[in-house]
1. Cα convex hull of the stretch 39-95: mean projected area in nm², to one decimal?
2. On alpha-carbon atoms, Rg over Rh for the chain using Kirkwood Rh?
3. Measure off 7 Å from each Cα along the Cα-to-Cβ vector at residue 39 and residue 82, then give the distance between these two points in nanometres to one decimal.
4. On a 0 to 90° scale, report how tilted helix 95-113 is relative to the longest principal axis of the chain, with both axes built from alpha carbons and the result rounded to the nearest 10.
5. Given contacts defined as C-alpha pairs under 8 Å and at least six residues apart, what's the relative contact order of the stretch 1-123, whole-number percent?
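Please treat every number below as a calculation from the coordinates, not as lab data. Keep in mind it's a predicted model, so treat the numbers as computed, not measured. Glycine gets a Cβ as well: all are built from the backbone with ideal geometry, and neighbour counts include every protein chain shown.
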C-alpha cells in the first residue's frame with residue numbers, strides 16, 4: 001500500500017470508519033498537522049517531525065507514537081503500551097483524549113525543535 005486512501009479501502013467498513021473519524025480528530029486538534037504515509041500506515045507530522053500513526057489489526061485499531069503521561073484515568077479500559085493505544089470501532093478513543101494526546105505531542109515537538117519559523121501556537125490542554 002502506498003497511501004492512506006489505499007490503506008482505508010482495504011479495511012472492513014467498521015475499522016475504516018473508526019480510523020477516518022480518528023484521522024479527522026487528529027487533523028482538527030492543532031493547525032499545521034500534515035498527513036503522510038509511513039511504515040505502511042497513515043501517519044501525521046508536525047513541523048516536519050513524526051507525530052502519530054494510526055492502523056488496524058485483525059481485532060483492533062490503534063493510535064501509535066507514544067502515550068503521554070498523565071492520561072491514565074482517561075485511558076482506563078483501553079489496552080495501552082509504551083507506544084500504542086488499542087481500541088475497537090465499538091469503543092473508539094474519546095475526542096478529548098485524542099485532542100489531549102495530539103496537543104501534548106505537538107507542544108513537545110515545539111519545545112524540542114522549535115517551530116522553525118512557522119507561526120503555529122499549540123493550545124495547552
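1. Values: hull surface 18.6 nm².
Projected over every direction and averaged, the Cα hull of the stretch 39-95 covers 4.6 nm².
2. Ratio of gyration radius to Kirkwood radius: 0.95.
3. Inter-label distance under the simple model: 1.3 nm.
4. 40
5. Relative contact order of the stretch 1-123: 24 percent.
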